[in-house]
Amino acid sequence: DGLRPLGERFELIAAVRRGWERFAELVPAAIADAVFGTLRDPARLVATLGAAPPTLCHGDAWLVNMALTDGDLVLLDWALATAGPASLDLVAFTVGCASHVDLPRAAVLAEAREACRPLVDDAVWDATVFWALCELGWNKALDATTHADPAQRAAAAAELAWWVERADAALRRGHRVAWRGG
């Protein structure tokens, strides 16, 4: 509710509020409660993510911030760089950009898991997957309910359901005591 006055002035804040409202309507209550509890009190999630050895994270791993030169990937716009587990950038890329990669989303996520396995244990991996839903659940829900193109609405709804399944599996694996807010 503290964002309501800002939402009247800034379109993005209003969209985020609408997205989280839609999220609460679309996903199972247990998942919504876990996400909202973690957003209210992220300390345990942060502590779990902090248990992994820190790596340099780009912080904004989207296609618009990537360039290919001579077969090498160059990351652009390091304004959001931080230290964190290797899984953060890989999962952020998967949640935001997997639809632009010529592989199924599950294959992209599996490759990401393998790439960071030496540095990221199962608890940190599950926390990262859950974090992805905390990070962009609002956006997926908003697109699933308001996108002008019916095909895009359907795709966003399917993507939201896919991420909810992954977060639910992470919660059921039993690591939630360590990182779920509430």
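The values are calculated or read from the model by the stated rules, or taken from the named source; none is laboratory data. Since the model is a prediction, treat every value here as computed from it, not as a measurement. In this analysis, Cβ positions are derived from the backbone assuming ideal geometry, glycine residues included, and neighbour counts consider all displayed protein chains. Please note that ligands, DNA and RNA were not included when accessible areas were found on the heavy atoms of the full protein model with its side chains. Shrake-Rupley method; radii C 1.70, N 1.55, O 1.52, S 1.80 Å.
Where the accessible area of the range 12-75 is counted over protein heavy atoms with a 1.4 Å probe, how much of it, in %, is carbon and sulfur? Walk me through the numbers before you get to the answer.
On the way: 2300 of 3670 Å².
Roughly 63 percent, rounded to a whole number.
May I ask you to compute the full-extension gain from Ala158 to Leu75, defined as 0.36 nm times their residue separation minus their alpha-carbon distance, rounded to one decimal in nm?
Numbers: separation 83, 0.36 × 83 = 29.88 nm, distance 2.90 nm.
Once the chain is fully extended between Ala158 and Leu75, it gains 27.0 nm.
At 0.36 nm per residue, minus the direct Cα-Cα distance, what do Asp33 and Glu11 gain on full extension? Give it in nm, one decimal, please. Spell out each step's value before the answer.
Values: separation 22, 0.36 × 22 = 7.92 nm, distance 2.56 nm.
Gain on extension, Asp33 to Glu11, equals 5.4 nm.
Measuring nothing but how far apart in sequence close Cα pairs (under 8 Å, 6+ apart) lie, relative to its length, the range 50-132 scores a relative contact order of 33 percent.
Taking a ≥ b ≥ c as the square roots of the Cα gyration tensor eigenvalues, with a/c under 1.5 meaning rounded and otherwise prolate when a/b beats b/c, else oblate, which class fits the chain?
Values: a/c = 1.43, a/b = 1.15, b/c = 1.24.
In terms of gyration-tensor shape, rounded.
Computed from the C-beta positions of Val46 and Ala151, the FRET efficiency with R₀ = 35 Å rounds to 0.40.
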